[in-house]
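A short write-up of the structure that comes next.
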Amino acid sequence: MDQPSAGPKDLGDAQLEPANINLLEACVIGLVAAIGAVAVKEVVGLLGTLRLHLNGVYPGPYLFPLFGLIGGAVAGALVQFVAPEAAGSGIPQTKACIMGEPIPLNFKTCLAKLFGGIIALGSGLSMGREGPTVHLSAALSAQATTYIHTSPKHRAQLIAAGAGAGLAAAFNAPLAGVMFVLEELLGRMSSFTVGTCVVACFVAAVFARLVGVHSLDIQMHQSQSLFFARDIPFYLLLGVIAGLVGALFNSS
């Protein structure tokens, strides 16, 4: 059943209220979002390993394309016939729903994104985990808000916090999850929003670590890179070139 979206008015009202952060709500949202994000990461890894193993057992030029063909067909069928709202990366849909657009964000969307994303990614199709993880976690969070009976004024922030928590769990990056919510999804800041996002992302990251997710771990003792002052001008030049190329890419 589709749930009503929380519009911009709800966001504004929440900013005018005292920062009474419900820790239980934020923890539940973080845990729920983390479960979805970890499921995507782990199952995609298993499918990818299976694909590589089969290619080793049955080497040839057709196995990988066949995986992509079957996976793409199944994922496309899920979007076409089960949940059209699960199409695309999921980040624009999540942001639109948070801002009040009548876009479904419910358990059906969650299941379609979960299985469609896992199948597409596990089949080796050219896509990343960020968008599906955000969309899936936001849909799970939206569904969870119907059970924990949160205030309608806070529902949008909780959904956004869930999306950021999914990102934090999947990539072991709680601070990035918080900044993603504040900068990309909400585009504004309040005491309630920041507090909820921090708690949800922290819980999600801790859960991911407990179940064995170690994405983006940095082994400082294994680093052999050296930095010299004479290299600074080249780094500055590299930054300018990268910025120009990025601007050209966006405009084209």
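The values are calculated or read from the model by the stated rules, or taken from the named source; none is laboratory data. Values in this document were obtained by computation on a predicted structure and should not be read as measured data. Glycine also receives a Cβ, built like all others from the backbone with ideal geometry; neighbour counts cover every protein chain displayed. Quick note on the areas: whole protein, heavy atoms, side chains included, nothing else; ligands and nucleic acids left out. Shrake-Rupley method; radii C 1.70, N 1.55, O 1.52, S 1.80 Å.
Does the range 132-139 include one or more residues that are more than 16 Å from Val38 (Cβ to Cβ) and part of a helix (DSSP H, G or I)? Before the answer, list the steps.
First, the residues of the range 132-139 that are more than 16 Å from Val38 (Cβ to Cβ): none.
No - not one qualifying residue is present in the range 132-139.
Checking each residue in the range 37-58 for being small (Gly, Ala, Ser) and touching a residue at least 40 places away in the same chain (Cβ under 8 Å) picks out Ala37, Ala39, Gly48.
In the range 162-204, what residues are free of Cβ contacts under 8 Å to residues at least 40 places away in the same chain, of a type in the set (Gly, Ala, Ser) and open to solvent by 30 Å² or more (accessible area, probe 1.4 Å)? Passing the criteria: Ala176, Gly187.
Just give me the residues in the range 119-142 being aliphatic (A, V, I, L, M) and either open to solvent by 10 Å² or more (accessible area, probe 1.4 Å) or in contact with a Cys (Cβ under 9 Å, 6 or more places away or on another chain) (or both), in sequence order.
Residues of the range 119-142 aliphatic (A, V, I, L, M): 119-121, 125, 127, 134, 136, 138-140, 142.
Correct list: Ile119, Leu121, Leu125, Met127, Leu136, Ala138, Ala139, Leu140, Ala142.
Listed by first and then second residue, the pairs with beta-carbon distance under 6 Å, at least 6 apart or on different chains, first residue in the range 69-86 and within 14 Å of Ile118 (Cβ to Cβ), second open to solvent by 70 Å² or more (accessible area, probe 1.4 Å), form an empty list.
Scanning the range 143-154 for residues that are modelled with pLDDT of 80 or more and of a type outside the set (S, T, N, Q), we see that the one that is least open to solvent (accessible area, probe 1.4 Å) is Ala144.
Within the range 208-216, is even one residue more than 30 Å from Leu111 (Cα to Cα) and either assigned to a helix (DSSP H, G or I) or modelled with pLDDT under 90 (or both)?
Within the range 208-216, the first condition is being more than 30 Å from Leu111 (Cα to Cα), and the residues that meet it are none.
For the range 208-216, residues more than 30 Å from Leu111 (Cα to Cα) and either assigned to a helix (DSSP H, G or I) or modelled with pLDDT under 90 (or both): absent.
Exactly one residue among Pro104, Pro61 is under 25 Å from Val178 (Cα atoms) and not hydrophobic (A, V, I, L, M, F, W, C), and that residue is Pro104.
Yes or no, residue by residue, for (1) closer than 9 Å to Ala139 by Cβ; (2) at pLDDT 85 or above; (3) open to solvent by 40 Å² or more (accessible area, probe 1.4 Å); (4) not in a helix (DSSP H, G or I):
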{"residue": "Pro59", "(1), (2), (3), (4)": "no, no, yes, yes"}
{"residue": "Phe67", "(1), (2), (3), (4)": "no, yes, yes, no"}
{"residue": "Val74", "(1), (2), (3), (4)": "no, yes, yes, no"}
{"residue": "Phe81", "(1), (2), (3), (4)": "no, yes, yes, no"}
{"residue": "Gly88", "(1), (2), (3), (4)": "no, no, yes, yes"}
{"residue": "Thr94", "(1), (2), (3), (4)": "yes, yes, no, no"}
{"residue": "Pro102", "(1), (2), (3), (4)": "no, no, yes, yes"}
{"residue": "Cys110", "(1), (2), (3), (4)": "yes, yes, no, no"}
{"residue": "Gly117", "(1), (2), (3), (4)": "no, yes, no, no"}
